[in-house]
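Heads up, the thing below is written out as structure tokens.
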Amino acid sequence: MASSMKTLLHDESRYFKSFNMFLDRSNEHECIQVFIDEILPGELASIGDGKCSFNILGVGSGAGAVDLQMLSKLQLKYPGASINNEIVEPSSDQIHNYKVLVAKTPNLENVSFNWNKMTSSEYENHVKENKENKTFDFIHMIQMLYYVSDPAATIKFFHSLLGPKGKLLIILVSGTGGWSHLWKTFKHQLCLSEFSQDITIQDIKEYLDSTGLKYQHYDLPSYVDITECFTEGDKNGELLMDLLTETYEFSKTAPPDLKAEIMSFLRQPECTTEKDGKIIFNSTMGAIVVEP
């Protein structure tokens, strides 16, 4: 089985097609936008303390849309402040898209951008090798801890980069939603890489509790329409299944019995509900804001 199935990360182009299809069929960005609009300003209120400049670090920022939304909230909270925005992103295409977005976004005169084409672990090695001692007022890691081999060590490192009033934002899938049920059940069949693809926000809470670090937790209810997954041969459905299983061309490479088992499992109430003839997957997320 493992010889024919490959991680979706095997093909970056296919990954982004699958990811964009997921975003198109879900309310994830809207859900994160609500968090940015209603909760983030309150969290950012305590990082200022008379400061007139801020260091921000985005880890796995992708094409930058969410980054710029958060920067706009920081600008509103601290008008006229200068902002140094550092980005860690391994995809050249995503960095290009980020730069294009910055070029056409107004009111960024006081913001400088520094893109690092590297993974989070490469960035960690870079910082340690160069003995850099910079600190950040706000670090965000949104939907990226699935792609590291040791999430606890990754959090520990980036938390160590926080300034005295800094905060670390982590967003991942909930420990009670459909993703968690799917991946906890089929972890051994679907984990085709060394990464922590089955991690949830509940795992992060347990780690933080073990360290004694203080944090705030927020639920971010979200969903995705996966109706097309249940139409044999539907190209959009196949892309969605690739993302749900993190498997390259899952519909073509998964053994028939595993495919049938997962398709049946996705219809369970722990994963989906049916509304107006559509099959709605529970993709609820959680956000954690960690104190220094």
Largest-first principal axis extents of the Cα set of the range 65-131 (Å) | 35, 27, 16
The helix 178-190 Cα axis meets the longest alpha-carbon principal axis of the chain at an angle in degrees, between 0 and 90 and rounded to 10, of 70 degrees
Which residue fluctuates the most in the chain, going by a Gaussian network model with Cα springs under 10 Å, if the choices are LEU108, LEU57, LEU244?
-> LEU108
Cross-link pairs beyond the 23 Å C-alpha cut-off, checked among LYS6/LYS252; LYS235/LYS278; LYS17/LYS205 = LYS17/LYS205
Taking Cα pairs under 8 Å and at least six residues apart, what relative contact order does the chain come out at, in percent?
-> 25 percent
Inter-label distance, nm, simple model (7 Å from Cα along the C-beta direction), GLU270/HIS96 = 4.2 nm
Paramagnetic reach from SER72 in the range 4-37 [backbone N under 15 Å; point 7 Å along Cα→Cβ] | 29-37
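Per residue, how much accessible area does the chain show when a 1.4 Å probe rolls over the protein heavy atoms, in square angstrom?
46 Å²
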So for PHE157, PHE113, what's the accessible-area order with a 1.4 Å probe, most first?
-> PHE113, PHE157
What Kirkwood hydrodynamic radius do you get for the chain when you take the inverse of the mean 1/r over all pairs of distinct Cα atoms, in Å?
-> 20.0 Å
Under the Karplus relation with 6.51, -1.76 and 1.60 and θ = phi - 60°, whole-Hz ³J(HN,Hα) for the range 98-104, x at Gly and Pro, equal 4, 5, 4, 5, 4, 4, 9
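Accessible area, 1.4 Å probe, largest first: how do TRP183, TRP115 sort?
On the way: TRP183 5, TRP115 65 Å².
Of TRP183, TRP115, the descending order of accessible area is TRP115, TRP183.
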Give me the Debye-computed log₁₀ of I(q)/I(0) at q = 0.10, 0.14, 0.15, 0.17 Å⁻¹ for the range 1-148, equal point scatterers on Cα only, no solvent, two decimals.
-> -0.40, -0.76, -0.87, -1.09
Computed, not fitted: 222 nm per-residue ellipticity of the chain from DSSP H runs ≥ 4 (each -39500 (n - 2.57)), nearest 500, equal to -12500 deg cm²/dmol
Inter-part distance where the range 79-102 and the range 175-245 are each reduced to a Cα centre, Å | 26 Å
Here the longest stretch of the chain that holds no trypsin sites (Lys or Arg not before Pro) in a DSSP loop having at most 10 other beta carbon atoms within 10 Å is 1-103
Go ahead and set up a Gaussian network model of the chain, Cα springs under 10 Å, then flag whichever of SER13, SER26, SER180 fluctuates most.
-> SER13
Given H placed on each backbone N at 1.01 Å, which residues far from TYR215 in sequence or on other chains put an amide H within less than 5 Å of it?
-> GLU291
Over the range 64-128, with every protein chain in place, what whole percent of the accessible area is carbon and sulfur at 1.4 Å, could you tell me?
-> 51 percent
Probe 1.4 Å, all protein chains present, accessible-area order of MET118, MET285, largest first = MET118, MET285
Carbon and sulfur: what percent of the range 246-292's accessible surface (1.4 Å probe)?
-> 50 percent
Set of lysines with alpha-carbon distance to LYS128 below 26 Å, sequence-local pairs under 8 removed | LYS117, LYS156, LYS165, LYS167, LYS214
Tell me which residues come under 5 Å, amide H to amide H, from MET118 once H is placed; ignore anything under 5 positions away on its chain.
-> GLU89
For the range 110-234, what percent of Cα pairs sit more than 17 Å apart?
-> 66 percent
At each listed q (0.24 Å⁻¹), what is the log10 of I(q)/I(0) that the Debye formula gives for the range 161-216 modelled as equal alpha-carbon point scatterers?
-> -1.00
Any residue on another chain or 5+ positions along whose placed amide H is under 5 Å from the amide H of ILE279 is listed here as ILE226, THR227
In degrees rounded to 10, the 0-90 angle between helix 201-211 Cα long axis and the longest Cα principal axis of the chain is 50 degrees
Length released on extending from ASN84 to ASN125, taking residue separation times 0.36 nm less the Cα-Cα span = 12.7 nm
What does the range 17-90 give for Rg and for Dmax, in Å, if only its C-alpha atoms count?
-> 13.9, 44
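The values are calculated or read from the model by the stated rules, or taken from the named source; none is laboratory data. Fair warning: this is a prediction, and the values are worked out from it, not measured in the lab. Here Cβ is always computed from backbone atoms with ideal geometry, including for glycine, and neighbour counts include all displayed protein chains. When the accessible area is computed, the model is the full protein with side chains, heavy atoms only, and any ligands, DNA or RNA have been set aside. Shrake-Rupley method; radii C 1.70, N 1.55, O 1.52, S 1.80 Å.
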